[in-house]
Structure formats: C-alpha cells, structure tokens
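Down below is the structure, laid out as structure tokens.
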Amino acid sequence: MKSIKDIYVIGKGPSSSHTMGPQKAASIYAREHPRAHSFEVTLYGSLAATGKGHMTDVAITETLSKVAPVEIIWQPSVFLPFHPNGMKFMVKNADGGRTDEWIVYSVGGGALSEGETSSLIETPDIYPLYTLSAIQKWCEENGCSYWEYVEEIEGDEIWSYLKEVWQTMQAAVERGLNHEGRLPGPLNLARKAPAYFVKASGYKAQLESRGLVYAYALAVSEENASGGTIVTAPTCGSCGVVPSVLYHLHHNHHFSESKILHALATAGLFGNVVKHNASISGAAVGCQGEVGVACAMASAAACQLFGGTPAQIEYAAEMGLEHHLGMTCDPICGLVQIPCIERNAFAAARALDANLYAAFSDGHHRVSFDHTVEVMKQTGHDLPSLYKETSEGGLAKGYKQQ
C-alpha cells in the first residue's frame, strides 16, 4: 500500500480523474516528446462521456500545445479493458504518420496507471499492512492509534506534508465562504456557501453548528467546481467532506493543529485502504467510492478527535462507507456540481453522526470495514456503466450540455 500522500494531492479542480490525472499524463508525454510535430489524444469511456464538463480537453490541450498542436478524439462508447478512464496519446510526424503510442488510465485521485503490470508511473508500496483489520490489530497490540501507525511507516516528514495539506484545505474553505456569484458551466448554478454561512448564525447553537458544517463543505466543493486549488480527499469530487469536518472541529471545538494533523493521518490511512483494496474512482465504482470514502475518512478523523478507541474509529468509518453503498455517479451535464456539491455537505453531516453513534458503542459490531470495502467494490462492478460517471443515467438522464 502506497503513501497517504497519494490520497491527499494538492491541485486544481474540478476533477481528479478527469482533470488532474489527464493533465499529469499530458505533462509526462510532453516531456518525452519535446520535438513532436503534433499530438492526437483519444479519450475513452467515462473519461470521454463527461470530459467536456470536467474540462479534460482543456487540461490536456493546455499542456501539450506548449510543444505542438493537439487533436482530441472522443470515444464515449468504447471502454478499454483495464479502467473506464482510458486515454491514448499519439505523436504524429509532418506527413500525419503515427510515430509513438501510449495508453494510460486515470484511476482516481489524480493517479495514473498503465495497466495491471505497470510500475512506470507508480509510487512504491511502503505499508506492509493493507487491511484495516491487520492495522487495527497492530494498533491494539502496540497501544497505539492509527496516526501513530502512519508515523511509524512514513516517518516524521509526513507531518510537514500534512501541514501543507491542512493549510490548503483551510484556505479553500475561507475562499469559498467569501466567493459569491455563479459557478462556470451551462447550469448557471449560484454559489451557496456564503449564504449558508451567514444564515447559520441565526440559529441556536446545535443547528448553527450543523449549518456551519454545510457551509464549509459547500465552500470547498464550490471552489473545486470553479477550478480552484483544493486537496483530493480522496478525490476532487469529494474534496469538501474531510476539510469541512476538520475545519469545524478546529475552529468551533478548538482542537489543536497537531490533533487535526493526527486526524488527517488517520483519515488518509482509511482512504488508502479503500484505494488499495477497491477503488476511489467514480468511473469504476460510482460515487460510493468518492463521497462514500470521503465520509468514512471524515468519520474516522472525527471519532479519533473525540477520543475514540481503534475499534470505535473503525466502526465510525465503516458506517460512513456502508450507508453510501450503491450511490451512483450521475453528474448532470458532466459537471461536478449537481448532485456532487450537495452530497459533500450531507456526507460531512453524516460523518459527524457516525462518530456520535460509534462513541455510544463499545466499537464491536458485525460488519467490518474491510468487508464493507469488498462489498463496495463488488457493488461498483455490478453497477451498469450509465451510473458510473457517464452522465447517461440517474439524475443526469435527460440533461444535455449545451
């Protein structure tokens, strides 16, 4: 299992798999072919189906056009075997002949893969334990929490990285709370975070608290939808859940920065387990792999902050994921706006509920986090492709981008 740095990637929205991943692939290809006459890039499956709404073509063209002209070909009905988000990069000579070809996949969270056997662009595995049950056992036997296992594997340098992550998350919340107007795209969707933030102050403490969590989640998600700088947690489309919960607990419950960083480490570990054993890609398993995993991460983080045991933290995360099982990825017009932004706000609130529910328990329960991850993976495979980031089914059905 890889570093949790691969879960928390700092970059620009609106989509880790449709924007950040393709842009990274284009950068690699441009470096390898600095004297190309022209490029041809074919986008397949889910990447092609919602690529225009996610600005995939813009991300690729902006990168490759610095070297040579670029032609984008869309193949939404063709799915390559390894992953629904397939790309084929080609170099053309002056006569139009193809001199090089590279097939690569954007597998979620901004990560790339060349297929089952590729290690060319993969970061190394550093975690010897990759199931939550094994990690929980290690924690209990050593009297440690999950964040201490992260520190054991990643070293002290992980804290400087997570501090940068936390600073970026806070900045995204604060920009979103002060950024009014409409979001880009044909939906003409108005930003809601500033209004929610103001309205929250008009309620009694308990409702104000929930309203602020909504506002924080909306703020980050709206920044993402407008192409702002955010942190994948674990993806761009679900980037509002973890920051909103932690921002709320830091600023309204006064948890220290060091405790927030520890919570980020724990959240990243849970997201990492899902990414390693299943998927965090909406194109592969639906929104359960994005918002569902984000909710699990935030649930674990909150439970740790409130003094949960390893068993209670595992239970909170399991509930966060379990109650998103089967959630489809059906963005209207291929934009990370409806229903994505609203889902972030609801998942943040659900994470706090999962923490509270787990805190009332002793942490023992029948369905483990690992089993829920297995079920999520199988459920994702069973979902028809029209419910996995193609905008052909669900809420997106009947809506076409102008």
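The table for this structure:
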quantity: Separation between Cα centres of segment 279-333 and segment 113-189, rounded to whole Å; calculated: 13
quantity: Proximal lysines relative to residue 397, as straight alpha-carbon distance under 19 Å, when same-chain residues fewer than 8 apart are discounted; calculated: 52, 388
quantity: For the chain, alpha-carbon Rg over 2.2 N^0.38 Å; calculated: 0.96
quantity: Point-to-point label distance, residue 167-residue 114, nm (Cα→Cβ direction, 7 Å offset); calculated: 3.6
quantity: Exceeding the 20 Å Cα-Cα cut-off - candidates 24/377; 66/92; 163/199; 275/377; 24/88; calculated: 24/377; 163/199
quantity: Pair residue 144, residue 82: separation of 7 Å Cα→Cβ label points (nm); calculated: 3.3
quantity: Charge dipole magnitude, Cβ of K and R +1, D and E -1 - the chain, Cα centre, debye nearest 20; calculated: 1300
quantity: FRET efficiency estimate (nearest 0.05) - Cβ-Cβ, residue 204 to residue 27, R0 45 angstrom; calculated: 0.35
quantity: For segment 57-127: accessible area per residue (Å², 1.4 Å); calculated: 51
quantity: Ellipticity estimate at 222 nm from DSSP helix runs (n ≥ 4, -39,500 (n - 2.57)) divided over the chain, nearest 500; calculated: -15500 deg cm²/dmol
quantity: Percent carbon-and-sulfur accessible area, the chain, ignoring ligands, DNA and RNA, probe 1.4 Å; calculated: 51
quantity: Nitroxide proxy distance, nm - points 7 Å out along Cα→Cβ at residue 125 and residue 277; calculated: 1.4
quantity: Positive-end residue of 30, 365, 14, charge dipole of the chain with Cβ unit charges; calculated: 14
quantity: In range of the label at residue 361: residues from segment 267-305 whose backbone nitrogen is under 19 Å from the point 7 Å along Cα→Cβ; calculated: 267, 270-271, 274, 292-305
quantity: Antiparallel %, DSSP beta bridges [both residues in the chain], to 5; calculated: 75
quantity: Surface accessible to a 1.4 Å probe, per residue, for the residues of segment 240-317, Å²; calculated: 20
quantity: FRET efficiency estimate (nearest 0.05) - Cβ-Cβ, residue 229 to residue 253, R0 35 angstrom; calculated: 0.85
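The values are calculated or read from the model by the stated rules, or taken from the named source; none is laboratory data. Bear in mind the structure is a predicted one, so any value in this text is a computation, not a measurement. Every residue, glycine among them, receives a Cβ derived from its backbone with ideal geometry; neighbour counts consider all protein chains shown. Calculation scope for accessible area: heavy atoms of the full protein, side chains included, ligands and nucleic acids excluded. Shrake-Rupley method; radii C 1.70, N 1.55, O 1.52, S 1.80 Å.
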